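Here's the structure, in structure tokens; my notes come after.
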Amino acid sequence: MNAQMHPQDGYTTADGRNIGPVLMEMRNITLRFGGVKAITDISFDIREGEIRAIIGPNGAGKSSMLNVISGFYVPQDGEVWYKGQKRPPMKPFQVARLGIARTFQNIALFEGMTVLDNVMTGRLNHMKSGLIAQAIWKGRAEAEEVANREVVEKVIDFLEIQAIRKTPVARLPYGLKKRVELARALAAEPSLLLLDEPMAGMNVEEKEDMSRFILDVNDEFGTTICLIEHDMGVVMDLSDRVVVMDYGKKIGDGTPDEVRSNQAVIDAYLGVAHD
Amino acid sequence: MLYREAGDFKTSYVADGQTFPIWFDRMRYYAVLAIAFGVIPFFVNDYYANAVLLPFLIYSIAAIGLNILVGYCGQVSLGTGAFMAVGAYAVYKLMTAFPEVNLFFHVLLAGGITAFVGVMFGLPSLRIKGFYLAVATLAAQFFLVWLFNRVPWFYNYSASGQISAPDRTVFGMLVSGPNAEAWAKYMFCLVFTVGVAFLARNLTRGMQGRQWMAIRDMDIAAEIIGVNPLRAKLMAFAVSSFFIGIAGALFFAVYLGAVEVGEVFGINKSFLVLFMIIIGGLGSIFGSFAGAAFLVLLPVLLKNVLVGGLGWPTDLAAHVEFMIVGLLIIVFLIAEPHGLAQLWRVAKEKLRLWPFPH
Ligand SMILES: Nc1ncnc2c1ncn2[C@@H]1O[C@H](COP(=O)(O)OP(=O)(O)OP(=O)(O)O)[C@@H](O)[C@H]1O
Ligand SMILES: [Mg+2]
């Protein structure tokens, strides 16, 4: 696979998974904060069914890129293409309605709500009953609640958080919070899942669990995943293709093996110590 | 013994999501309803209706309304008094313009008008938060009271500048005006209180409630799951003001009968209802009732004990009341932001596991 590959073509991974056509494409994205250039003229695509990683040293602009995708930042330059169409500027809640879900580098859960309610919020875009129907509850709203609760329970089982279902999120340890945040994103049944450092701050065991969940999500539901990760070992194990960023520029793009042998990447990233 | 979850397994998500998941709680709730509808109306007299029952029922509605905005959606408001005034003046204009219409519908419509006004004053909430929003609602408070004082159309050009409720009926039953009987007024308010609690409970347990709480807890994360912040906040202002408008309409038409706006619906009223939900419990329907009951009963109790029993002068008893309320606000804000409702919940939690707490 290489840069000349046609957007409509797919490819087959080393472990035999079929990757589809381009789902999302970033074209020449440039993002500035005042004088700071967080992203400079970066292009890359994400294909259906693949696990795409973005790596780079601290401050490289990785989170900024996810924020562009999810509508928090509006780039000064460049285009975002999704499902073959150019996406107009959108608010984050509109992006969510396109089927793009995400987690944050710093956990962003609803601390005053239980795990179950947090995960249920992920179903928002699948629930249609209006204010009046909800106020009356019996009938439509209740049926919808139950149907969506079933989906949520599957996600809860999948991520093995049954035991903490009714626990207020504020009481959970860090590692579990990360998992609940993933559960909330999964509950949306997204077509594109963005994960900003899903394993940051975890111990080895928690990292292994999380890696397994990410692989299983991709495998069982065919969910396209774009993740940011610092741990090179994890990235190489998980991802099908990797974008490497440094100081807001793209310095590498390809399979883990290709990226590993790219001299610019070695110089800028792999060669230097990072946390 | 009875207070147990054990053996009471939930076999469906409907059962798991119900308001009172424990059998004993459910029975107690039905018992309260049965007494409220089937027993109290036969015993209520003017004193109990006016000193305790009517203010409790009406403040409960207002507290539920404010709790939706502040406790569930996290938008601070100091405009409750003014929004109650909107409900009061709306129902007054409707009562006098369409005397033949059932008062029940007038009260509902007054709530609807208040909802509209609430949304107008809620618009700034997209841009401003916390303290600044509180100040903006304070502006609404003063502006609306000034408006009702200054524009004679609102009080039908009466010489006193006051509004007073004429006799009006509901399905042939007189519920407003000086000739209405205590039990009729009580039943009329009770129907609204139960209805409002039912609607509020359903809204807060479903997706709308989760959207509000999401906005309250972390607005950025709320957006990422698809909550339109402006819509969710305005919805909270609308629902909240609808209930507060109903409370204001009942407060004027059924409870007081005559109102001077600055006195009855001033900033003090805003603080009173806010204190109710702080003491009762932010983000809790039960807490709204608890807070309303507490602040309605406290002065009655103090008056009976201190003035009636110990012979203290009335103004001294009033000062003691201020001090107690002030102290409680501080205690609850610091030690238990979820108020009486949380204390109640903790007590039940203990009872549920008793006698084996681990
Ligand atoms: N809202 C903002 N306002 C101003 N500057 C910002 C903002 N967000 C990011 N930046 C700047 O943009 C650059 C890229 O930041 P970003 O958070 O995208 O890096 P990152 O690759 O995610 O780093 P890390 O690995 O530490 O998470 C940094 O220099 C940062 O200071
Ligand atoms: Mg980052």
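Side notes on the structure shown:
- Conditions (1) within 14 Å of chain A (Cβ to nearest Cβ); (2) open to solvent by 10 Å² or more (accessible area, probe 1.4 Å); (3) among the hydrophobic types (A, V, I, L, M, F, W, C): number failed by B:Ala200: (2)
- In the set B:Leu327, B:Leu297, B:Leu316, B:Leu272, only one residue is open to solvent by 40 Å² or more (accessible area, probe 1.4 Å), out of contact with any helix residue (DSSP H, G or I) (no Cβ under 9 Å at 6 or more places or on another chain) and outside any loop (DSSP other than H, G, I, E, B); that residue is B:Leu327.
- Residue that is farthest from the chain's Cα centre (by Cα) [pool: residues in the range B:58-74 that are open to solvent by 10 Å² or more (accessible area, probe 1.4 Å) and of a type outside the set (Ser, Thr, Tyr)]: B:Gly74
- For B:Ala200, the conditions (1) more than 21 Å from the chain's Cα centre (by Cα); (2) assigned to a helix (DSSP H, G or I) all hold with the exception of (1).
- Counting only residues that are open to solvent by 40 Å² or more (accessible area, probe 1.4 Å) and in a helix (DSSP H, G or I), the range B:203-222 holds 5 of them.
- Boolean, A:Lys138 is under 20 Å from B:Gly209 (Cβ atoms), more than 8 Å from chain B (Cβ to nearest Cβ) and among the basic types (Lys, Arg): yes
- Considering (1) modelled with pLDDT of 90 or more; (2) in the same structural domain as A:Gln94 (by TED's automatic domain parsing), the lone condition that A:Arg184 does not fulfil carries the number (2).
- Filtered residues of the range A:1-59 (kept if within 16 Å of ligand 1 (Cβ to nearest atom), open to solvent by less than 10 Å² (accessible area, probe 1.4 Å) and of a type in the set (Val, Ile, Thr)): A:Ile29, A:Ile39, A:Ile42, A:Ile54, A:Ile55
- Selection count where residues are within 8 Å of chain A (Cβ to nearest Cβ), in a helix (DSSP H, G or I) and free of Cβ contacts under 8 Å to residues at least 24 places away in the same chain, scope the range B:223-240: 2
- Residue within the range B:171-179 that is modelled with pLDDT under 95, of a type in the set (Ser, Thr, Tyr) and open to solvent by 60 Å² or more (accessible area, probe 1.4 Å) present: no
- Scanning the range A:192-213 for residues that are more than 16 Å from ligand 2 (Cβ to nearest atom) and within 14 Å of chain B (Cβ to nearest Cβ), we see that the one that is nearest to A:Met120 (Cα to Cα) is A:Leu193.
- If the condition is being touching a Pro at 6+ places or on another chain (Cβ under 8 Å) and at pLDDT below 85, then the range A:243-272 contributes A:Ala268, A:Tyr269, A:Val272.
- Between A:Ala183, A:Ala188, A:Ala170, A:Ala141, the distinction of being open to solvent by less than 10 Å² (accessible area, probe 1.4 Å) and either of a type outside the set (A, V, I, L, M, F, W, C) or in contact (Cβ under 8 Å) with a residue 40 or more places away in the chain (or both) belongs to A:Ala183 only.
- 1 or more residues under 26 Å from A:Ala200 (Cβ atoms), more than 14 Å from chain B (Cβ to nearest Cβ) and within 16 Å of ligand 2 (Cβ to nearest atom): qualifying helices (runs of 4 or more DSSP H) within the range A:36-124: A:62-69
- Among (1) within 20 Å of A:Ile100 (Cβ to Cβ); (2) surrounded by fewer than 18 Cβ atoms within 10 Å (Cβ to Cβ); (3) over 14 Å from the mean Cα position of the chain (by Cα); (4) touching a residue at least 60 places away in the same chain (Cβ under 8 Å) - the single one A:Asp240 does not satisfy: (2)
The values are calculated or read from the model by the stated rules, or taken from the named source; none is laboratory data. From a predicted model like this one, the values you see are computed outputs, not experimental measurements. Cβ atoms come from the backbone with ideal geometry, glycine included; neighbour counts cover every protein chain shown. For accessibility, only protein heavy atoms count, side chains too; no ligands or nucleic acids. Shrake-Rupley method; radii C 1.70, N 1.55, O 1.52, S 1.80 Å.
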